[in-house]
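Asker: Here you go, one structure.
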Amino acid sequence: MFIIKLCIQILNMEGAILLEISKRIKQYRIEKSYTVQELADLSDVSKGMISQIENGRSIPSLSVLLGIVSALQVNLSDFFKDISPEEEMILIKRKGDYEHFQKEGSNGFSYERFLTRSIKNSTVDIVFLTLEPGSFREQVSTDAFEYKYILSGEVDYTIGSENYNLKEGDSLFFDGRIMHVPINKGKKPARMLIIYFFDN
């Protein structure tokens, strides 16, 4: 019954649950010593799809999710164990409590997640990004609108074919479906607040 309820919430794109599912897919893939490509082949989806799901950039359909879990050879009950559909109404995150993570294919990008929640018909994902000097990543797209606020340092943002220079206190809002990448050409780390708005 719990898994049925959870699946209904997945269909409704409950943000916190989807984030936990993304983390578990990556965790089980690493435990099985599968590469992203190997899991993609076993799940009959693209490598890019697996990478985007693991990094929280794409929300899988229920059929895709179940196919991935099957490819990982994990029992459904075990996979969904301790994933609670309950969410706190008030959430405080202390400085040392943020979830640190990195996204595949990037070097020098250090993320800290503050919050992922479903709010009415949208899922909001709030993270901090520290961009090291000389950091590198290919341009990517996200199934979300994105808001960036520069907390410190300086960032050159490439969106499509356009380039924008952002300094401390500057902010940016754009359609993440356009290919984009931030670049730190300076000598000091740059830090920004990022808010993703996913349409459900």
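Asker: Would you please give the FRET efficiency between Phe136 and Thr35, computed as 1/(1 + (r/R0)^6) with r the Cβ-Cβ distance and R0 = 22 Å, to the nearest 0.05? Walk me through the numbers before you get to the answer.
Answerer: Working: r = 21 Å, r/R0 = 0.93.
The value I calculate is 0.60.
Asker: Multiply the residue gap between Asp97 and Ser63 by 0.36 nm, knock off their C-alpha separation, and tell me the result in nm, one decimal place. If you can, show how the numbers build up before the last one.
Answerer: Details: separation 34, 0.36 × 34 = 12.24 nm, distance 3.33 nm.
Between Asp97 and Ser63, full extension yields an extra 8.9 nm.
Asker: Could you sort the peptides 124-133, 48-57, 155-164, 61-70 by per-residue average Cβ neighbour count (10 Å cutoff), highest mean leading? Walk me through the intermediate numbers first.
Answerer: Numbers: 124-133: 18.0, 48-57: 21.3, 155-164: 14.2, 61-70: 15.7.
Sorting 124-133, 48-57, 155-164, 61-70 by mean packing, highest first, produces 48-57, 124-133, 61-70, 155-164.
Asker: Separate question: Please give, to one decimal in nm, the separation of the simple spin-label points placed at Ser161 and Glu20, each 7 Å out from Cα toward the Cβ.
Answerer: Here the modelled spin labels are 4.6 nm apart.
Asker: While we're here: On a 29 Å Cα-Cα criterion, which of the cross-link pairs Lys148/Lys187; Lys26/Lys167; Lys23/Lys148; Lys32/Lys103; Lys103/Lys148; Lys26/Lys148 come out too long?
Answerer: Working: Lys148/Lys187 21 Å; Lys26/Lys167 34 Å; Lys23/Lys148 23 Å; Lys32/Lys103 19 Å; Lys103/Lys148 17 Å; Lys26/Lys148 26 Å.
Violating the 29 Å Cα-Cα cut-off are Lys26/Lys167.
Asker: Suppose the chain between Asn107 and Lys47 were pulled fully straight at 0.36 nm per residue; how much longer would it get relative to their current alpha carbon spacing? Write out the running numbers ahead of the final one.
Answerer: Values: separation 60, 0.36 × 60 = 21.60 nm, distance 1.91 nm.
My answer for the length gained is 19.7 nm.
Asker: By how many nm would the segment from Ser77 to Glu168 lengthen if fully extended, with 0.36 nm per residue of separation less the alpha-carbon distance? Walk me through the numbers on the way to the answer.
Answerer: Numbers: separation 91, 0.36 × 91 = 32.76 nm, distance 4.65 nm.
Length gained, Ser77 through Glu168: 28.1 nm.
Asker: Please give me, ordered by residue number, the trypsin sites (Lys or Arg not before Pro) of the range 105-200 that lie in loop per DSSP and have at most 13 other Cβ atoms within 10 Å. If you can, show how the numbers build up before the last one.
Answerer: Details: sites: Arg113, Arg117, Lys120, Arg137, Lys148, Lys167, Arg177, Lys185, Lys187, Arg191; in loops: Lys120, Arg177, Lys185, Lys187.
Within the range 105-200, the qualifying trypsin sites (Lys or Arg not before Pro) (loop, at most 13 other Cβ atoms within 10 Å) are Lys120, Arg177, Lys185, Lys187.
Asker: Could you calculate the FRET efficiency of Ile183 with Val124 from 1/(1 + (r/R0)^6), where r is the beta carbon distance between them and R0 is 22 Å, rounded to 0.05? Show your work: numbers first, answer last.
Answerer: Details: r = 26 Å, r/R0 = 1.17.
Plugging the Cβ-Cβ distance into 1/(1 + (r/R0)^6) gives 0.30.
No lab work stands behind these numbers, since they all come straight from the coordinates. Being a predicted model, the structure only gives us computed values, none of them experimental. Cβ atoms come from the backbone with ideal geometry, glycine included; neighbour counts cover every protein chain shown.
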